[in-house]
Amino acid sequence: MKKQIAAWKDEITAWRHDIHKHPELAFEEHRTADLVAAKLESFGLDVHRGLGKTGVVGTLRAGDSERAIALRADMDALPIQENNDSEYRSVNQNKLHACGHDGHTAMLLGAAKYLSHTRNFDGKVHFIFQPAEEAAGGGRVMIEDGLFEQFPVDSIYGMHNWPGLAVGKFGVRTGAMMASFDTFDIEITGIGAHAAMPHTGIDPVMVAGQLIGALQTILSRNADPIDASVISVTQMEAGDAYNVIPEKAVLRGCTRALNADTRCMIERRVKQTASSLCKAFGAQCKVDYANGYPVLVNTAAETDHAVAVASQLVGSDNVNPNHEPTMGSEDFAFMLEQRPGCYIFIGNGDAEGTCMVHNSGYDFNDDVIVTGVSYWCSLAQSLLRM
Ligand SMILES: [Zn+2]
Ligand SMILES: [Zn+2]
């Protein structure tokens, strides 16, 4: 298998470079979706479009088993100006495949090509190409549009490149592997005043300052120290003069947790802390708390299976089944809430100065392609063994 896939490396790499050169942001992946659909059709798959606006699902059947699995890739880019000078660098101003979704899409297309060629399995494989993984929840929208009703599956699998992990290695873990992600807007309304006469008003800037510190006590005093979580206040807005106490101050930020109960506790305590503290100082408080992505939880049996497949491919020394969780978040968590499955990291390289995802100098490593495609194909063939 690996030999055949290696023979297609240049072709799959050319798809990757084409996608890289023409990056598209969340729910605008029209060109990318056209490219994906055309390739899937050319491999003889049934292609369905329109779930999650620009989402594409390709279905490949072999044999007559009712078993079905889904393999998923993401297609969207980020609003970053590229700082690389490859001949396939982005031609779209301020858009860049800085998370490697160009590589993910190309690798899943490579797997569709190989599996359609060999049909060495018994059942159905749904190839899901989702839009808007970066913060806009394209996976969630595909589910709301009926993804799993139209394409019922026994289990679902995802893969992400991971800078800092050597090429040819995999990292994964059972249970929580990536954090939940929620955002908050806290509007504090006081009473404006002359800055020389603070006693005639209620100062929302002072309340905001107290609140920034108070929010951190949620993690240090309410959350179990063994259980990782983060609250970051990332924006503050108030006032526009040296000598005026403004009427309003606004704080914004995000929270992360690796445990669903901790996530709920943080939401409850952010709201309580903000409203109680504002009340203590006589200010009004309005909190908008938005749930973003859930905790990404890999199920045990499917993760064991993924580890076995990856180990067979690259050797068990190169597969870490206890990879550290990350406080980053991932849209695939919504799919794992619906079906059992596993999300795995594939090494994107660990050379000195390796660029992390979401940086202007990041580029997916094409040396990952053969391993990534082989993993997808081995996984499908072993889950749907004849
Ligand atoms: Zn990303
Ligand atoms: Zn990503």
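The values are calculated or read from the model by the stated rules, or taken from the named source; none is laboratory data. Quantities reported herein were computed from a predicted structural model and do not represent experimental measurements. No Cβ is skipped: glycine too gets one built from the backbone with ideal geometry, and neighbour counts run over all protein chains shown. Ligands, DNA and RNA are stripped out before the accessible areas are found, and what is left, the full protein with its side chains, is counted by its heavy atoms. Shrake-Rupley method; radii C 1.70, N 1.55, O 1.52, S 1.80 Å.
Just name the residue that is farthest from ligand 1 (Cβ to nearest atom) out of those in the range 116-170 that are open to solvent by 20 Å² or more (accessible area, probe 1.4 Å) and of a type in the set (Val, Ile, Thr).
Among residues in the range 116-170 that are open to solvent by 20 Å² or more (accessible area, probe 1.4 Å) and of a type in the set (Val, Ile, Thr), the one farthest from ligand 1 (Cβ to nearest atom) is THR118.
Scan the range 217-226 and tell me whether some residue there is without any contact (Cβ under 8 Å) to a residue 12 or more places away in the chain, open to solvent by 60 Å² or more (accessible area, probe 1.4 Å) and among the small types (Gly, Ala, Ser).
Scanning the range 217-226, I find at least one residue that is without any contact (Cβ under 8 Å) to a residue 12 or more places away in the chain, open to solvent by 60 Å² or more (accessible area, probe 1.4 Å) and among the small types (Gly, Ala, Ser), so the answer is yes.
Quick one: what pairs do we get from the range 315-336, first residue open to solvent by 30 Å² or more (accessible area, probe 1.4 Å), second part of a helix (DSSP H, G or I), C-beta under 7 Å, 6+ apart or different chains?
Partner pairs satisfying both residue conditions: PRO321/VAL307.
Can you say whether ARG72 is buried (at least 19 other Cβ atoms within 10 Å of the Cβ) and either within 22 Å of ASP366 (Cβ to Cβ) or out of contact with any helix residue (DSSP H, G or I) (no Cβ under 8 Å at 6 or more places or on another chain) (or both), as far as the supplied structure shows?
When the stated conditions are applied, ARG72 passes them.
Kindly list the number of the only condition in (1) away from ligand 1 (no atom under 16 Å from the Cβ); (2) open to solvent by less than 20 Å² (accessible area, probe 1.4 Å) that fails for HIS104.
(1)
Would you mention how many residues in the range 1-59 are among the hydroxyl-bearing types (Ser, Thr, Tyr) and under 21 Å from ALA136 (Cα atoms)?
2
What is the number of the single condition among (1) touching a Ser or Thr at 6+ places or on another chain (Cβ under 6 Å); (2) crowded, with 17+ Cβ neighbours inside 10 Å; (3) more than 24 Å from GLY341 (Cβ to Cβ) that ALA33 does not meet?
Tallying (1) touching a Ser or Thr at 6+ places or on another chain (Cβ under 6 Å); (2) crowded, with 17+ Cβ neighbours inside 10 Å; (3) more than 24 Å from GLY341 (Cβ to Cβ), ALA33 fails exactly one: (3).
Within the range 1-29, track down each residue that is assigned to a loop (DSSP other than H, G, I, E, B) and farther than 18 Å from SER116 by Cβ.
The answer is HIS22, PRO23, GLU24, LEU25, ALA26, PHE27, GLU28, GLU29.
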